[in-house]
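Visitor: Just passing along the structure, written as structure tokens.
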Amino acid sequence: MKPQVEVFVDRPQLITRALELTVAEIKSAIAQRGRCTIALAGGNTPKPLYEQLATQDLPWQKIHVFWGDERYVPLSDPQSNAGMATAAWLNHVAIPPENIYPMPTQAADPAEAAQTYDRQLQTFFGTGPQEFPRFDIVLLGLGPDGHTASLFPHTEALQVCDRNVTVGSKDNQPRLTLTAPVLNQARCILFLVTGANKQDALTQIFAENADAAQFPARLIQPTHGTLSWLLDAEAGQPFQ
Ligand code: 6PG
């Protein structure tokens, strides 16, 4: 399915559209399957979306929140993706704590933590070792280097296709990340991309034959779901 690209004059308008799409997908998932599963992006861009989601009147007991990736730090660390979304959104709504699945970052060995989260996903989604969980919504960002989640250029994580969760690496700092096959199983993938420093990566990602090892966001080609790119005017300049 061809990706949907929308360019917005500024970040507030991008966030308004992201909220509209996210809420619509949440309601659709609940109407069709009785629940919604969403995997969150980290970084800075999605924070205002999470703040807007905190204002919504939704059946929170039917919404289950996961993460697409995580820095290997405690929840209380300012770098924590789960910490950011919890402070911006989850602490402000009546979502049951048992519906929130932060990636575990306590184990000394990140690979052990990845296995733990993998098992959590298999248990929740009822998938076996050869099946990938299907999230209703996956939110993703894009780094200037073309990474998404914690799938960084020329790292081993890009090749992992037999597990749900693996260890990513940024500047030799460990990260946990959903693998490309899991991301591509999603029913709805929403990229939120802002800033002129993303233009080069976007140009490469949409080019005829760029190298996915160099620009890992190219790996995101949903098998059945929809793929939407929401860009602000700075990031989306090449598409104007
Ligand atoms: C992370 C994110 C990462 C992020 C991009 C874009 O843990 O940092 O998951 O993939 O989405 O780096 O970050 P910004 O939104 O801050 O530009």
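The values are calculated or read from the model by the stated rules, or taken from the named source; none is laboratory data. Computed from a predicted structure; not experimentally measured. Every residue, glycine among them, receives a Cβ derived from its backbone with ideal geometry; neighbour counts consider all protein chains shown. For the accessible areas, the whole protein counts, side chains as well, though only heavy atoms, and no ligand, DNA or RNA atoms are used. Shrake-Rupley method; radii C 1.70, N 1.55, O 1.52, S 1.80 Å.
Visitor: Let me confirm something: among Gln159, Gln185, Gln214, Gln173, which residue is free of Cβ contacts under 8 Å to residues at least 40 places away in the same chain and open to solvent by 10 Å² or more (accessible area, probe 1.4 Å)?
Guide: Numbers: Gln185 fails: free of Cβ contacts under 8 Å to residues at least 40 places away in the same chain; Gln214 fails: free of Cβ contacts under 8 Å to residues at least 40 places away in the same chain; Gln173 fails: free of Cβ contacts under 8 Å to residues at least 40 places away in the same chain.
Going through Gln159, Gln185, Gln214, Gln173 in turn, the sole match is Gln159.
Visitor: Let me ask something else about it. Quick one: is Ser150 open to solvent by 20 Å² or more (accessible area, probe 1.4 Å), touching a residue at least 12 places away in the same chain (Cβ under 8 Å), within 15 Å of the ligand (Cβ to nearest atom) and farther than 13 Å from Phe66 by Cα?
Guide: Values: open to solvent by 20 Å² or more (accessible area, probe 1.4 Å): no; touching a residue at least 12 places away in the same chain (Cβ under 8 Å): yes; within 15 Å of the ligand (Cβ to nearest atom): yes; farther than 13 Å from Phe66 by Cα: yes.
The answer is no for Ser150.
Visitor: For segment 85-117, name all the residues that are assigned to a loop (DSSP other than H, G, I, E, B), under 19 Å from the mean Cα position of the chain (by Cα) and farther than 15 Å from Arg71 by Cα. Full working, then the answer.
Guide: Quick first cut of segment 85-117, residues assigned to a loop (DSSP other than H, G, I, E, B) only: 89, 93-96, 101-109.
Going one step further and asking which of them are under 19 Å from the mean Cα position of the chain (by Cα), we end up with 89, 101-105.
If the condition is that a residue be assigned to a loop (DSSP other than H, G, I, E, B), under 19 Å from the mean Cα position of the chain (by Cα) and farther than 15 Å from Arg71 by Cα, then Trp89 is the only one that fits.
Visitor: Of the residues that make up segment 33-41, is at least one more than 16 Å from the ligand (Cβ to nearest atom), in a loop (DSSP other than H, G, I, E, B), open to solvent by 50 Å² or more (accessible area, probe 1.4 Å) and closer than 26 Å to Gln122 by Cβ? It would help to see each step written out before you state the result.
Guide: Taking segment 33-41 first, the residues more than 16 Å from the ligand (Cβ to nearest atom) are 33-37.
Going one step further and asking which of them are in a loop (DSSP other than H, G, I, E, B), we end up with 34-35.
Next, from what is left, pick out any that are open to solvent by 50 Å² or more (accessible area, probe 1.4 Å): 35.
Still in the list and also closer than 26 Å to Gln122 by Cβ: 35.
Checking segment 33-41: at least one residue is more than 16 Å from the ligand (Cβ to nearest atom), in a loop (DSSP other than H, G, I, E, B), open to solvent by 50 Å² or more (accessible area, probe 1.4 Å) and closer than 26 Å to Gln122 by Cβ.
Visitor: Right, next: When you check Val193 against the structure, is it surrounded by fewer than 23 Cβ atoms within 10 Å (Cβ to Cβ) and touching a residue at least 12 places away in the same chain (Cβ under 8 Å), yes or no?
Guide: On the way: surrounded by fewer than 23 Cβ atoms within 10 Å (Cβ to Cβ): no; touching a residue at least 12 places away in the same chain (Cβ under 8 Å): yes.
In short, no.
Visitor: Hey, another quick one. Go through segment 53-82 and give me each residue that's of a type in the set (Val, Ile, Thr) and either over 17 Å from Ser169 (Cβ atoms) or surrounded by fewer than 17 Cβ atoms within 10 Å (Cβ to Cβ) (or both). Before the answer, list the steps.
Guide: Of the residues in segment 53-82, the ones of a type in the set (Val, Ile, Thr) are 55, 63, 65, 73.
Result: Thr55, Ile63, Val65.
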